[in-house]
Amino acid sequence: MKSKPKCHSVVIVGGGPAGCATALSLRTISIDLELNLKITLCNAPVKSGPAIGETVPPILNQYLREINVEHILDERNHLPCPGSISVWQNDAPGYNDFLFTPVGRGFHLNRNTFNQQLLHACITHGVHVLSNSRVCNMNKERSGYRLLINREKSLVNMHCDFVVDATGYNRTIVNKLNIAQNTLDKVMSLCAFFALNGAKAKAAHTIVSSAENGWWYGTQLPQNKALISFCTDTQEIKSKQMSSPKNWFKHLRNSEWFHKQCITQFDTEVSLPDNLCIRPCKSDILSNVVGPNWLAVGDAASSYDSISSAGITKSVIHGICAGKSIGMAVCEQSQHPLFEYQQRVFNDFRHYVTQHQSQYAAGGARFNYGGFWRRRNIFSLMDNLDKRAISTE
């Protein structure tokens, strides 16, 4: 009689797109390889207010199909996105349409709903989800880690053979492991949400425009809402007092083409917002994204500026790769699949840096590479980049 394989416990800390994609991918490969895995996902309490990170390209459909959740992108919960309209390198509008792609449609997400859909899929596929839970302590053991988890005001002591950090910028696990972080750039998004009273939900382009002190982003969202965001850096925020809704709104009205496009698409005047949501957008990567019995994924491993329009998609893709690599590492009793995943993350970040430079160089050309744009130049950014080489050991 064939003996039952040893049970390995994997705890994924973080219930966003990266964590859920890792859990679903790992669950799929564990079935394919007949692995005896106990997969637990720790999901922190849901923050109040809207979640930011709202537009996904058609290619995401292909990756959601890999983890059997492609059905969650539909018009009942999310708003179709036919592409983008932008004024960037010069004053002529450019168009990037999704109409002819064979892999599906792009969407403006109801982000809170999207997150809940992924969590529900994890539960449906047999992942043990610990809701309202945070890891407050972690200790290395002979085989794996001992986690102390605060769940709804009670403490849960849990051993795991393998731990995944999917906590985004918080990096709850890797910070406890003292893994070095290499920061290339950091910008800030100043966001305002608007209610579109009486406006009909319709397929809506993303609107993007470069500006002297940064760049504008606008889009209609599900549930008759809209988002307008200004991406800039701390120097511009301080010198122009951009964190003030009044000053932010003044810059919006001075943006001319972008402001008019928002009014046209939203089918209403854009009013002075009561407040702004300020979100940091880093471009950084860990020196190592894997190690003995641990792995980092999503923004916990590498984070991209929102100019890439790839945050959610990258998190899902890397989550799928992470789940497969963990499964193969358990099956082969080898670290090699983990290092292959790490190399994928490193290679993707190098590609992103090239894209980052190209896009900021094009946007800066319109404004003679003034302060904000000049600071995005690679030679300026290298002054802030940790010179330690990325290690694969």
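The values are calculated or read from the model by the stated rules, or taken from the named source; none is laboratory data. Remember, it's a predicted structure, so these values are computed and weren't measured experimentally. Methodologically, a virtual Cβ is constructed for each residue, glycine included, from the backbone with ideal geometry; neighbour enumeration extends over all protein chains shown. Note: areas computed on protein heavy atoms with side chains; ligands, DNA, RNA excluded. Shrake-Rupley method; radii C 1.70, N 1.55, O 1.52, S 1.80 Å.
Structural remarks
- The loop-placed GluC sites (Glu not before Pro) in segment 64-154, going by DSSP, that have at most 11 neighbouring Cβ atoms within 10 Å of their Cβ come out as E152.
- Within the accessible area of the chain, the carbon and sulfur atoms contribute 50%, probe 1.4 Å, all protein chains present.
- Each listed q (0.17, 0.20, 0.23, 0.26 Å⁻¹) maps to a log10 I(q)/I(0) for segment 94-177 from the Debye sum over equal C-alpha point scatterers, namely -0.87, -1.07, -1.26, -1.36.
- Cα-based Rg of segment 155-284 normalised by 2.2 N^0.38 Å, two decimals: 1.35
- Among the trypsin sites (Lys or Arg not before Pro) in segment 29-89, those located in a DSSP loop and surrounded by at most 12 other Cβ atoms within 10 Å of their own Cβ are K47, R76.
- Centroid-to-centroid, using Cα positions, segment 124-159 and segment 243-283 are 41 Å apart.
- Angle between the chain longest axis and helix 17-32 axis [Cα atoms, degrees, rounded to 10]: 40
- Cβ charges +1 (Lys, Arg) and -1 (Asp, Glu), total dipole of the chain, debye: 780
- Calculated from the structure at hand, percent of Cα pairs over 42 Å apart is found among (i) 31; (ii) 39; (iii) 14 as (iii).
- Listed residue pairs exceeding 19 Å between alpha carbons, taken from K260/K282; K186/K238; K225/K250; K240/K260: K260/K282; K225/K250; K240/K260
- Mean residue ellipticity at 222 nm, helices only, the chain: -10000 deg cm²/dmol; runs of at least 4 DSSP H residues each add -39,500 (n - 2.57), and the sum is divided by the number of residues.
- Two-decimal Rg to Rh for segment 1-143 - Kirkwood Rh, Cα set: 1.08
- No Cys partner within the rule (Cβ under 4.7 Å), the chain: C7, C20, C42, C81, C122, C136, C160, C231, C262, C281, C321, C331
- Charge dipole (segment 3-90, unit charges on Cβ, about Cα centre) - positive-most of I67, N43, T55: N43
- Kirkwood Rh, angstrom, segment 201-262 [1 / mean 1/r, Cα pairs]: 12.3
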